[in-house]
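Participant: Below: one structure in structure tokens.
The values are calculated or read from the model by the stated rules, or taken from the named source; none is laboratory data. Because the structure is a prediction, the values reported are computed rather than measured. Neighbour counts are summed over all protein chains in view; Cβ atoms, including those assigned to glycine, are modelled from backbone coordinates with ideal geometry.
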Amino acid sequence: MNANFTSRIIPQPTRILLAVLLLSHSVIKPVPHDQPADSLSVDKIMKGYKAAFVMLDNSDGKYFRYNKKRCAERYLPASTFKIPNSLIGLESGVIADENFIIKWDGIKRWNKDWNRDNTLASAIKISSVPYYQELARRVGREAYGRYFKSFNYGNNVIGDKVEEFWLDNSLKISADEQLSFLKQFYEYKLPFSKRNTDIVKKILSKEKHPRSIMKFKTGTGETDNGKYIGWLVGYVEKENNVFFFAFNVEAETFEEVRNIRDTASRKILITLKILE
């Protein structure tokens, strides 16, 4: 069929409309600002969960957020506070280095790894609550107050019990604030020495993948409303770049929230091609 024949049977206004329709279907719709193309896959992973996830690509400064509103809401940090708590312990001189031992107090607890002497290095990896509670007693309320004035960590509230304020819903922090803290920690922008920052970086839990390394800290605790919250916060080093992230999720039981925390968070990082 030649062009002259086509022009005779299809009027010009109709031809223009057809051209516009064809063009509109051929154009790829742009991805929303700061959202990767596979954000729909993340939605599927998180469907049905009360959760938040925020990630920063440090190379271009772009963020990805799931549940932007919840990313800004504050919750108890639970054992993710062991990152700043380790820094404070070292900087205050209460702890000399990662090999500093706090002896077991003889009280048997549900986690058998806690029922022994631990060093700072072993305590952060097994998330030993009694080790860090004793550390907090030795640091003291006054010192925590001074450090909280020198950097922001959520609402900076110490609470009534110095050995429990990160567990009893006194201290609270959002996923967005966790990420901001991690970025400052990684880039040596917190009021702690390079030596002490490097010690904490070294003792954080590590996962090695073929093309990336994840350093992280978990946390689990009971919120004001009786639900459980699970955290996974950290950063991924990959191909001369670093990605900071913070994830939290709510569930009915400790076991449920821990399982979702450990599986869904990593599925997201894999989906976004951060963990490879």
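Participant: Which numbered condition in (1) surrounded by fewer than 18 Cβ atoms within 10 Å (Cβ to Cβ); (2) modelled with pLDDT of 95 or more is the only one that residue 152 fails?
Facilitator: (2)
Participant: Residue by residue through region 106-124, note down the ones that are out of contact with any Pro (no Cβ under 9 Å at 6 or more places or on another chain), surrounded by 17 or more Cβ atoms within 10 Å (Cβ to Cβ) and not small (Gly, Ala, Ser).
Facilitator: Answer for region 106-124, where residues must be out of contact with any Pro (no Cβ under 9 Å at 6 or more places or on another chain), surrounded by 17 or more Cβ atoms within 10 Å (Cβ to Cβ) and not small (Gly, Ala, Ser): 119, 120, 124.
Participant: Which of the residues that make up region 208-221 are free of Cβ contacts under 8 Å to residues at least 60 places away in the same chain and over 23 Å from residue 65 (Cβ atoms)? Give the derivation first.
Facilitator: Going through region 208-221, the residues free of Cβ contacts under 8 Å to residues at least 60 places away in the same chain turn out to be 208, 213, 215-216.
If the condition is that a residue be free of Cβ contacts under 8 Å to residues at least 60 places away in the same chain and over 23 Å from residue 65 (Cβ atoms), then 208, 213 are the ones that fit.
Participant: Scan region 41-52 and report the pairs whose first residue is in contact (Cβ under 8 Å) with a residue 24 or more places away in the chain and closer than 23 Å to residue 223 by Cα and whose second residue is part of a loop (DSSP other than H, G, I, E, B) and of a type in the set (A, V, I, L, M, F, W, C), with Cβ atoms within less than 9 Å and a gap of 6+ or a chain change.
Facilitator: Correct list of pairs: 52/72.
Participant: Continuing with this model, one more query. Out of 57, 43, which single residue is closer than 23 Å to residue 267 by Cβ and either in contact with a Leu (Cβ under 6 Å, 6 or more places away or on another chain) or at pLDDT below 95 (or both)? Even if it seems obvious, please write down each step before you answer.
Facilitator: Numbers: 57 fails: either in contact with a Leu (Cβ under 6 Å, 6 or more places away or on another chain) or at pLDDT below 95 (or both).
Being closer than 23 Å to residue 267 by Cβ and either in contact with a Leu (Cβ under 6 Å, 6 or more places away or on another chain) or at pLDDT below 95 (or both) holds for just one of 57, 43, which is 43.
Participant: State whether one or more residues within region 81-100 are modelled with pLDDT under 95, over 18 Å from the mean Cα position of the chain (by Cα) and among the hydrophobic types (A, V, I, L, M, F, W, C). Outline the logic, then answer.
Facilitator: Taking region 81-100 first, the residues modelled with pLDDT under 95 are none.
No, that holds for no residue.
Participant: Among the residues of region 214-239, which ones are farther than 14 Å from residue 186 by Cα and either among the hydrophobic types (A, V, I, L, M, F, W, C) or in a loop (DSSP other than H, G, I, E, B) (or both)?
Facilitator: 223, 224, 225, 226, 227, 229, 231, 232, 239
Participant: With the requirement that a residue be out of contact with any Gly (no Cβ under 7 Å at 6 or more places or on another chain) and surrounded by 20 or more Cβ atoms within 10 Å (Cβ to Cβ), what does region 231-241 give you?
Facilitator: The first filter runs over region 231-241 and keeps only residues out of contact with any Gly (no Cβ under 7 Å at 6 or more places or on another chain), leaving 232-241.
Residues satisfying the conditions are 232, 233, 234, 235, 236.
Participant: When only residues in region 81-105 that are assigned to a helix (DSSP H, G or I) and of a type in the set (Val, Ile, Thr) count, which is surrounded by the fewest Cβ atoms within 10 Å (Cβ to Cβ)?
Facilitator: Start the filter on region 81-105 by keeping residues that are assigned to a helix (DSSP H, G or I), which leaves 81-91.
When the remaining residues are screened for being of a type in the set (Val, Ile, Thr), the result is 83, 88.
Numbers: 83: 25, 88: 22.
In this case the residue turns out to be 88.
Participant: In addition: Among the residues of region 242-263, which ones are closer than 23 Å to residue 224 by Cβ and either under 12 Å from the mean Cα position of the chain (by Cα) or among the aliphatic types (A, V, I, L, M) (or both)?
Facilitator: Of everything in region 242-263, those that are closer than 23 Å to residue 224 by Cβ and either under 12 Å from the mean Cα position of the chain (by Cα) or among the aliphatic types (A, V, I, L, M) (or both) turn out to be 246, 247, 248, 249, 251, 257, 260, 261.
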